[in-house]
Amino acid sequence: MRKSRRHRNTQTKSIFPIKIDKFEKLLKDKFENNPDLIFSTFDIGGKKVCVFYLSYQVKTDRLDNFLLKPLLNISELNTPNVLNEIPIGGGSTTDTLEEILEDLLIGNVFVYVEGEDKAVFYLLVRKESRDLSKAENESVVLGPQIAFSESLITNLNVIRWSIRSTDLVLEKLMIGKRAKTEVRIIYMKSIVNDKHINTMRQRLQDLDLDKVDDTHVLAQLIEDSSSTIFPQYYLTELVDRFSYTVSQGRIGVLVDNNPQAILAPSTIFSFLESTEDMYMRWNAGSFLRILRFIAMFISIILTPLYVAAVTYHYELIPPRELITIGQSRAIVPFPPIIEALFLEFLIELLREAGARLPSKVGQTIGIVGGVIIGQAVVQAGLTSSILIIVIAFSALASFTAPSYEMGTTVRVIRFPMIILAGMFGLIGIMYGLCFLVIHVLKLKSLGEPYLSPIYPFRWDDLNKVLFRPPYAYQYKRFLSLRPKDLFRFKKSEAIKKHDIDE
Amino acid sequence: MRNILKLVVLSLLLITSLTGCVQTKSIEDLAIINTRGVDIIEDNKIETTLVIYKFDSQNQELSSIVSGEGRTIKGARKNANYKTSFKLTPGQIRLEMFGKETAKKGLLSYIDTQIRDARVSDTMYLALSETTAKDVIIQTQEGSSVHVGKYLYELIEQNVKDNIIPRVTLHDFLQTYYDNGHDPYLPVLSTATKSPTLSAIALFQDDKYVGQVPLSDALLINVFNKSIENATLEVQLPMQPFKKYLKSERLDENDEDTAHALMKVLRGNSKSKITNQQNMQFQTEITFNVTMLELSEEIDLKKPKAKEIFEEEVKKIFKKQYEQLFKNSQELNSDPFGYGTIYRINKHGGKLTDKEWREKFPDINVDFKIDFTLKGHGTTP
C-alpha cells in the first residue's frame, strides 16, 4: 500500500494547505447527496481543526475515546504533534484528494489542521462479517468442519493459523478499475513452481474490468478455456482442503467478500477427490475414491446405454432381464429417447426446485419427487420402471462428486449423450465418449494438462489421484507440477518403526 | 467465431434432420426369437419353428410359437413374419435345434446365416432332436406349463455347466468342424417321456450326422476337451474282489454281486500323444481324481489294500468304456477326440485333409492309460 501511495504522490498535486471551509465544500461536492460524510470542525486554541470520516465505516466509540478526546487536549496543534499525541497506532499522512477519497471509503478517519500541508489519518475500520460456520456446500463427515467466511481478514487469519510457516506468502493484488477488490495469491514459496505463480499473477494483473463480483466469476475470467463445460479451477470453502492443497505446492486465491477460494492448477481428478480420502484409512480412502470414479462413469454412461440397448441393441440385454425390460417397455407409448429425456428432465427439475425452495418447504420436494411422482409416472405408463431405477442410479452417482460444479457438468453432459445414444445407438455413445476424451485431453488448467497424470503419464503421481497409499508411501509431492521441493520426507525414515520396546 | 457458430448450428440441424436414416429396433416392436427349430420338409423346403418373446401391453401371454417355410432360413423367417404383428429378430437366439433327418444332410448350410450375422451370438447352443425339432418344441409346449425356449436352453446349459455334456455352442461346433481331424458332436433331445430329455450324443462326420453314442459317454468325450471339475461319475463294480473288506458280515449270501459307486470328480483331464507315427499308434493318459459320494455296499475303503483294489477295478471299467467308445466312433468314422489334430501336428509338413483322415481314422490304435485316484471317501465310522 505504501509503495503504491508514494508512486501516486509523484503524479498528483498536493491540495494543501487549504482553508477548512473550502476543504469542506470540496469534499461535500465529491460526496454529493450523501449524508454519511461526517465533517466536524473544532476550534482549539485559536486553530481550526477538522475531523472527517464516513459514519458507518468507522468504529465510533474508538473514535470518541482515542481520537477526539486527546485531540482536544493538544496544546499546540500541528501535524507532527497530532501524530505524536494521539494514542492510536498506524497513523499516516497524505496530501492528495484522490487518496483521501479512497481511504475514506475503507474506514479511515482524517484529521486536518488548518494551514498544515498534510492531513493525518487513522484506520478505525468497522467491518461487519458473519462468523465462521460449517461448510454448507462441501459437507464432510471427518476432519475440520470450518469453512471460509466472507471476510478476507478472517480467512487470512484462519489460513495463517493452519499453515504456521514463514514460507507462506499472501501476495496482495487490487483488482477492478471502478471498484477495487482485494485479491490474495497464497502459496508456499519454497515449494510452488514459479511458473504457476507468474502465470497466475500475470492473469490477475492483466484483468481489465470494473469490478470483481465473485470468486466464481474471477475463476472464469482467468481460466484457460472459456468454451468448455468442465470447470478448470477447484473452488473450495473448506479451510483444511485449502491449506492441504497449498502446502502440497499449488496456489490458492482468495477474494475479499467471498467465502470461496480458487485452487490452481486443478486436474480433472481434483474434482473427484475429497479431503476425506486423506482422513480415512488408506484402504477405505482408496475405495471411496475409486467409487467416485465409477460413479462418474456410470452417471455419464448408464442412461445412454439403456436408451441404446432398448432402441437398437436388444441383443445386448441379458436373457433374464430381457423379459422384465420388454414388459415394462411395452406399456410406454414413447420411443426410449423421449422417455429417458423426460425422466432426466424431471429429475433435474426436482433438483433445481429443491435448491431454490426455502429450506422449510424443501422437504416437500423430496417427498413429492421421490415417492409420488416416481410411482405415478410408472403407473401412468409414461416411463418404464426399469428406467426409473436407471435414472435414479445415475442421478445419485452424479451427486457423489465432491465438487458441485463437476456434478453439474456430468449431469449436463448426460443430455447430449442420451440424444446421441437415441439417434445412433452404441456408435453414438462411442462417438460421444471419444469426443469427451479428446476434449478433456486438450484442456489445461493454469497451463498444466487437465488430465495429468494420466496424460502426460506420470507413474509416480498415480498414487495421488487414482487411489491413496499409506502415508509412508506418499513421500513425494505432485511430480507433474514440478514443485521446487519434490520430497515431503524420506521414505526410508518413514517406514522405519521407532517404538520404545524394540 | 461467427463462422464456427454457423458451422455448429448447421451440423446440429443436419444431425437432427437426417436421423431418419438409422433404423430403430425398439424392443417393444420386436418378436425376439429365443429358440429356433429347423426341419426339412418335402420338396427340400425348410420349416422353422420359432419360440418367440413378444411384449404386448394388451396380452399377458409372453411367449408363443410361430412357424414358417422357405428355401432359406431367413426366407422361412420372413414367411413366419406374415403370421405375427411383431418383427421377428434373431439377435437373442439361445438354442437352435435341428431334426435328425435334417442333420443327416449336413448342418452347415443352415447355420451359415448365424455365422454371417454379427448380431447373432456365437454362444448359442446347438442341439439335435430325436425326431424333428418341431416335435420337441410343440410337445414341450403342450406337455408342461414352463416356457419352452427357456426350458430347453436351460436344460442344456445346466448340463454343460455340470460338465455332464461337453460345451456345444455354435462357436464350438464351428471350431471342431473347421479343425481338420476333429469332428463335432451335439446333444440329442428326445421326447420319449413327457418332457424333453437329453438322450444321447450325436457324432458327426464334418457337418453330417452319422450316429450316436449313449449319454454316459458324454463325460468321457468331455475329458478330451477340457479339464473337468465337479462332474459326477457312476460306476458298477463286481463285488467279488471286495469280499474280504466288507465291514459287516453279510447276512444272506444271495445278495447282489455288484456294487454301485457314485463319485465326484475333483479333477479330470487327458493327455494324448502319438507314440508310433508309422503304425498310427496313439496313447492317451486319462487322469481322474475323485472323492466318494455314495457307495451301495459297505466296503471299508480306509484299508489301503481295499482302496487299491477299488482303484484297480474302476480303472478296468474305464478302460473298457473308453475302448468301447473309441470302437464305436471308429465304426462311425467320426473323430470327436481330435486324434487327427495330434497326428497333423506331428506329421511332416503339418497338413492333413479331412478326406485323408477319414481313410486313416478307422485304422488307428489307441492305448488308453487310466490314472484313477480316490482322494477321499467321506466320513465313515
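The values are calculated or read from the model by the stated rules, or taken from the named source; none is laboratory data. Since we're looking at a predicted model, the values are computed, not measured. Cβ coordinates were reconstructed from backbone atoms using ideal geometry, including for glycine residues, and neighbour counts include every protein chain displayed.
Of the residues A:Gly374, A:Gly370, A:Gly362, only one is among the small types (Gly, Ala, Ser), more than 14 Å from chain B (Cβ to nearest Cβ), assigned to a helix (DSSP H, G or I) and more than 28 Å from A:Leu420 (Cα to Cα); which?
The match here is A:Gly362.
Note down all Cβ pairs under 7 Å where the first residue falls in the stretch A:114-141 and is closer than 28 Å to A:Glu273 by Cβ, the second is in a loop (DSSP other than H, G, I, E, B), and they're at least six residues apart or on different chains.
Pairs found: A:Leu132/A:Ser149; A:Lys134/A:Gln145; A:Ala135/A:Gln145; A:Ala135/A:Glu237; A:Asn137/A:Glu237; A:Glu138/A:Glu237; A:Glu138/A:Pro402; A:Val140/A:Ser274.
Just to be sure before I move on: is A:Leu71 more than 30 Å from A:Arg241 (Cβ to Cβ), out of contact with any Gly (no Cβ under 6 Å at 6 or more places or on another chain) and surrounded by 17 or more Cβ atoms within 10 Å (Cβ to Cβ) in the structure I sent?
Answer is yes for this residue.
State whether one or more residues within the stretch A:322-342 are basic (Lys, Arg), within 11 Å of chain B (Cβ to nearest Cβ) and either in contact with a strand residue (DSSP E or B) (Cβ under 9 Å, 6 or more places away or on another chain) or surrounded by fewer than 18 Cβ atoms within 10 Å (Cβ to Cβ) (or both).
For the stretch A:322-342, residues basic (Lys, Arg), within 11 Å of chain B (Cβ to nearest Cβ) and either in contact with a strand residue (DSSP E or B) (Cβ under 9 Å, 6 or more places away or on another chain) or surrounded by fewer than 18 Cβ atoms within 10 Å (Cβ to Cβ) (or both): absent.
Can you work out which of the residues in the stretch A:229-241 that are part of a loop (DSSP other than H, G, I, E, B) and crowded, with 23+ Cβ neighbours inside 10 Å is farthest from the chain's Cα centre (by Cα)?
That would be A:Gln232.
State all residues of the stretch B:123-172 that are under 12 Å from the mean Cα position of the chain (by Cα) and among the small types (Gly, Ala, Ser); if no residue qualifies, say none.
B:Ala127
Here is a yes/no grid of residues against (1) touching a helix residue (DSSP H, G or I) at 6+ places or on another chain (Cβ under 9 Å); (2) in the same structural domain as A:Ser286 (by TED's automatic domain parsing); (3) among the charged types (D, E, K, R); (4) in a helix (DSSP H, G or I):
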site	(1), (2), (3), (4)
A:Glu405	yes, yes, yes, yes
A:Ile413	yes, yes, no, yes
A:Gly422	yes, yes, no, yes
A:Ile427	yes, yes, no, yes
A:Leu436	yes, yes, no, yes
A:Val440	no, yes, no, yes
A:Phe467	yes, no, no, no
A:Ser480	yes, no, no, yes
A:Ile500	no, no, no, no
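Regarding the stretch A:307-315, can at least one residue be identified that is more than 28 Å from the chain's Cα centre (by Cα), closer than 26 Å to A:Glu138 by Cβ, touching a residue at least 60 places away in the same chain (Cβ under 8 Å) and assigned to a helix (DSSP H, G or I)?
Looking through the stretch A:307-315, none of the residues is more than 28 Å from the chain's Cα centre (by Cα), closer than 26 Å to A:Glu138 by Cβ, touching a residue at least 60 places away in the same chain (Cβ under 8 Å) and assigned to a helix (DSSP H, G or I).
Taking B:Ile309, is it in contact with a Pro (Cβ under 8 Å, 6 or more places away or on another chain) and outside the structural domain of B:Tyr185 (by TED's automatic domain parsing)?
Against the criterion (in contact with a Pro (Cβ under 8 Å, 6 or more places away or on another chain) and outside the structural domain of B:Tyr185 (by TED's automatic domain parsing)), B:Ile309 qualifies.
When residues of the stretch B:140-155 are filtered for being surrounded by fewer than 17 Cβ atoms within 10 Å (Cβ to Cβ) and either without any contact (Cβ under 8 Å) to a residue 40 or more places away in the chain or farther than 14 Å from B:Lys194 by Cβ (or both), how many remain?
Residues flagged as surrounded by fewer than 17 Cβ atoms within 10 Å (Cβ to Cβ) and either without any contact (Cβ under 8 Å) to a residue 40 or more places away in the chain or farther than 14 Å from B:Lys194 by Cβ (or both) within the stretch B:140-155 amount to 4.
Looking only at residues in the stretch B:120-131 that are of a type in the set (A, V, I, L, M) and assigned to a strand (DSSP E or B), which one is farthest from the other protein chains (Cβ to nearest Cβ)?
The qualifying residue farthest from the other protein chains (Cβ to nearest Cβ) is B:Leu128.
Only one residue in B:Leu246, B:Leu237 is under 22 Å from B:Lys303 (Cα atoms) and modelled with pLDDT under 85, so which one is that?
Testing whether each residue is under 22 Å from B:Lys303 (Cα atoms) and modelled with pLDDT under 85 leaves just B:Leu246.
Determine if the stretch A:410-421 includes at least one residue that is farther than 20 Å from A:Phe230 by Cα, among the aliphatic types (A, V, I, L, M) and more than 14 Å from every other protein chain (Cβ to nearest Cβ).
No, the stretch A:410-421 contains no residue that is farther than 20 Å from A:Phe230 by Cα, among the aliphatic types (A, V, I, L, M) and more than 14 Å from every other protein chain (Cβ to nearest Cβ).
Table: residues versus (1) closer than 25 Å to A:Pro483 by Cβ; (2) in a strand (DSSP E or B).
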site: A:Val141; (1), (2): no, no
site: A:Lys172; (1), (2): yes, yes
site: A:Ile185; (1), (2): yes, yes
site: A:Ser190; (1), (2): yes, no
site: A:Met200; (1), (2): yes, no
site: A:Asp208; (1), (2): no, no
site: A:Val212; (1), (2): no, no
site: A:His216; (1), (2): no, no
site: A:Ser227; (1), (2): no, no
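Could you please let me know if B:Glu142 is touching a helix residue (DSSP H, G or I) at 6+ places or on another chain (Cβ under 9 Å) and more than 12 Å from B:Gly37 (Cα to Cα)?
It is false that B:Glu142 is touching a helix residue (DSSP H, G or I) at 6+ places or on another chain (Cβ under 9 Å) and more than 12 Å from B:Gly37 (Cα to Cα).
Return the residue satisfying two criteria in turn: it lies in the stretch A:238-269 and is without any contact (Cβ under 8 Å) to a residue 40 or more places away in the chain and out of contact with any Leu (no Cβ under 7 Å at 6 or more places or on another chain), and of such residues it is farthest from A:Ser190 (Cα to Cα).
A:Leu263
Might you let me know whether the stretch A:377-394 holds any residue that is buried (at least 19 other Cβ atoms within 10 Å of the Cβ) and touching a strand residue (DSSP E or B) at 6+ places or on another chain (Cβ under 6 Å)?
no
Among what's in the stretch A:257-306 and is touching a strand residue (DSSP E or B) at 6+ places or on another chain (Cβ under 7 Å) and in a helix (DSSP H, G or I), pick the residue that is surrounded by the fewest Cβ atoms within 10 Å (Cβ to Cβ).
A:Thr275
What residue, of A:Lys444, A:Lys490, is basic (Lys, Arg), within 24 Å of the chain's Cα centre (by Cα) and on the phi < 0 side of the Ramachandran plot?
A:Lys444
Taking the stretch B:140-154 on its own, how many of its residues are away from chain A (no Cβ under 14 Å) and not acidic (Asp, Glu)?
5
What about B:Ile137, is it within 14 Å of chain A (Cβ to nearest Cβ), crowded, with 22+ Cβ neighbours inside 10 Å and aliphatic (A, V, I, L, M)?
Criteria not met by B:Ile137.
Exactly one of these conditions fails for B:Gly378: (1) on the phi < 0 side of the Ramachandran plot; (2) in contact (Cβ under 8 Å) with a residue 40 or more places away in the chain. Give me its number.
Exception for B:Gly378: condition (1).
Mind checking whether some residue in the stretch B:156-168 is within 14 Å of another protein chain (Cβ to nearest Cβ), at pLDDT 85 or above and either surrounded by 21 or more Cβ atoms within 10 Å (Cβ to Cβ) or in contact with a Gly (Cβ under 7 Å, 6 or more places away or on another chain) (or both)?
The answer is yes, given that some residue of the stretch B:156-168 is within 14 Å of another protein chain (Cβ to nearest Cβ), at pLDDT 85 or above and either surrounded by 21 or more Cβ atoms within 10 Å (Cβ to Cβ) or in contact with a Gly (Cβ under 7 Å, 6 or more places away or on another chain) (or both).
Residue pairs, Cβ under 9 Å, 6 or more apart or interchain, first in the stretch A:357-375 and under 17 Å from A:Phe342 (Cα atoms), second basic (Lys, Arg). List them.
Partner pairs satisfying both residue conditions: A:Gly369/A:Arg351.
Taking A:Ile418 as meeting all but one of (1) on the phi > 0 side of the Ramachandran plot; (2) touching a Leu at 6+ places or on another chain (Cβ under 7 Å), write down the number of the exception.
Condition (1) is where A:Ile418 drops out.
Hey, could you check the stretch A:12-71 for residues that are part of a loop (DSSP other than H, G, I, E, B), in contact (Cβ under 8 Å) with a residue 24 or more places away in the chain and over 15 Å from A:Val111 (Cα atoms) and say which is nearest to the chain's Cα centre (by Cα)?
Among those that are part of a loop (DSSP other than H, G, I, E, B), in contact (Cβ under 8 Å) with a residue 24 or more places away in the chain and over 15 Å from A:Val111 (Cα atoms), it is A:Lys59.
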